[in-house]
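Notes follow once the structure below has been shown.
The values are calculated or read from the model by the stated rules, or taken from the named source; none is laboratory data. Since the structure is predicted, the reported quantities are computational estimates derived from the model, not experimental observations. Heads up, the Cβs are rebuilt from the backbone with ideal geometry, glycines too, and the neighbour counts pull from every protein chain shown.
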Amino acid sequence: MSENQNLTKKRWVVLTISCIINIMIGTGYAWSMFATPLNEHFGGDAMGVLTWAFTLANSIGPIPMIIGGYINDNIGPKWSIFIGGIFFGGGVFLAGCATSPIMVVAGYGVLMGLGMGLVYGCTIGNSVKFFPDKAGLAGGLTTATYGLGSVILPLIIANIVNADTVLNTFKVLGIVYLVVICVGAFFITRCPVGFVPDGYQPPAPKAGVKAPESKNWKQMLADPIFYIMLIMMTAGATFGLMLISNCRALVTELGAEVGLAATSVTVLALFNAIGRVGCGSISDKLGRINTLTIMICIGIIGLVICSIASTPTLFIVGICLVGLAFGSFMGVYPGFCAEQFGPKNNGVNYGIMFIGFALAGIIGPQILQKLGTPTAYYVAIVLGVVGLAMSFIYRAMSKAK
């Protein structure tokens, strides 16, 4: 068996391990399971400080993603994932040793956030490189399993975590994360530059159309189309994160009982995951920009439903559509970025593109907090329309090229 045939088979192992690792780091989004017990543990008036743990874990993401992307593109993903596993697991374990809310912020917010970015950028970037024939599927699966982490963990620990057990839960989880991620790192093979799967014939460029070149981050930033893609990603991620961060509270305001409110969070997470893997795969056939355009429209429809919903059931229908649209952006964009700027430097390039997600993580929740409903929905709808406009501008600029 030739080396290329061996890698063609082994890439599925790499993808599987990457997905398992992403489930681990995706549990960081289950912060709401710990927030209230931690607040009670520290006396009931620590929530203002504790909130920074989740905010920092998400907002610092692009920095380690860019660093990890550089390591992935130039050295290989193994050591970036290994170091990220130490940061991620160690940060959660440190949170379990906390004697003050600040220690939780340092462990869960800073260290875990750094580890999350180091790992996430490499697992996705390396997997997409291994699947030039199925870039959408690879990006969709790796981002979908990342999203599923926040679904799986609450199902496991829902009846365990309280004010008395929350710190010990962090310690146990920290050890599990440390072992799974760091061991898994040694099963991740670096994708060789220019790898083409056995039996796959890359499509020939259309007549009169120049084949895309692999650009480094400087060349990408000099390309105006990058900024169109960045605005489009920020718009698509903003309306998703606005609802994801407040779903349970919004459903409760409409009169939902505790059980239904909790179920709405799980349903939203599932549609988010479906959007990531489903639309990632669909984009391999339909095209990245066509898929994104359709999903932005679906997201806008979901926001309109949320804005007029007077019952929890109707609202849940709306958030499912928004979750589906948001998930599509997370699943399609890794392959979209590689397709536009080449796979060679996609680790760093996608890390920079991910700044759009970080901005959305700040903007989305703030829109809802400052403006309230239904005004926040109207603003989100406008952002969706801006994203839709960007998709058509992208088409025009691509055609001009």
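Listed residues Arg248, Arg288; which is buried (at least 23 other Cβ atoms within 10 Å of the Cβ), in contact (Cβ under 8 Å) with a residue 24 or more places away in the chain and not small (Gly, Ala, Ser)?
That would be Arg288, the only listed residue that is buried (at least 23 other Cβ atoms within 10 Å of the Cβ), in contact (Cβ under 8 Å) with a residue 24 or more places away in the chain and not small (Gly, Ala, Ser).
So is Val277 surrounded by fewer than 22 Cβ atoms within 10 Å (Cβ to Cβ), of a type in the set (A, V, I, L, M) and modelled with pLDDT under 80 or not?
no
So if I check each of Thr51, Thr27, Thr36, Thr16, which one is under 22 Å from Ile175 (Cα atoms), without any contact (Cβ under 8 Å) to a residue 60 or more places away in the chain and either of a type in the set (Ser, Thr, Tyr) or not in a helix (DSSP H, G or I) (or both)?
Thr16
Looking at (1) over 19 Å from Met353 (Cβ atoms); (2) modelled with pLDDT of 85 or more; (3) among the polar types (S, T, N, Q), which is the only condition Thr123 fails?
(1)
Return the residues of segment 144-165 that are farther than 19 Å from Phe54 by Cα, modelled with pLDDT of 80 or more and either crowded, with 23+ Cβ neighbours inside 10 Å or not hydroxyl-bearing (Ser, Thr, Tyr) (or both); say none if nothing qualifies.
Correct list: Ala144, Thr145, Ile156, Ile160, Asp164.
Tell me which helices (runs of 4 or more DSSP H) are completely within segment 262-359 and hold 3 or more residues being aromatic (Phe, Trp, Tyr), farther than 20 Å from Pro374 by Cβ and outside the structural domain of Thr123 (by TED's automatic domain parsing), or say none if there are none.
312-341
Within segment 122-145, does at least one residue satisfy the condition of being farther than 23 Å from Leu270 by Cβ and of a type in the set (S, T, N, Q)?
yes
Test Ile71 against the criterion of being among the hydrophobic types (A, V, I, L, M, F, W, C), modelled with pLDDT under 85, over 24 Å from Thr238 (Cβ atoms) and in a helix (DSSP H, G or I), and give yes or no.
Criteria met by Ile71.
Is it the case that some residue within segment 202-217 is loosely packed, with under 15 Cβ neighbours inside 10 Å, at pLDDT 90 or above and of a type in the set (Lys, Arg)?
no
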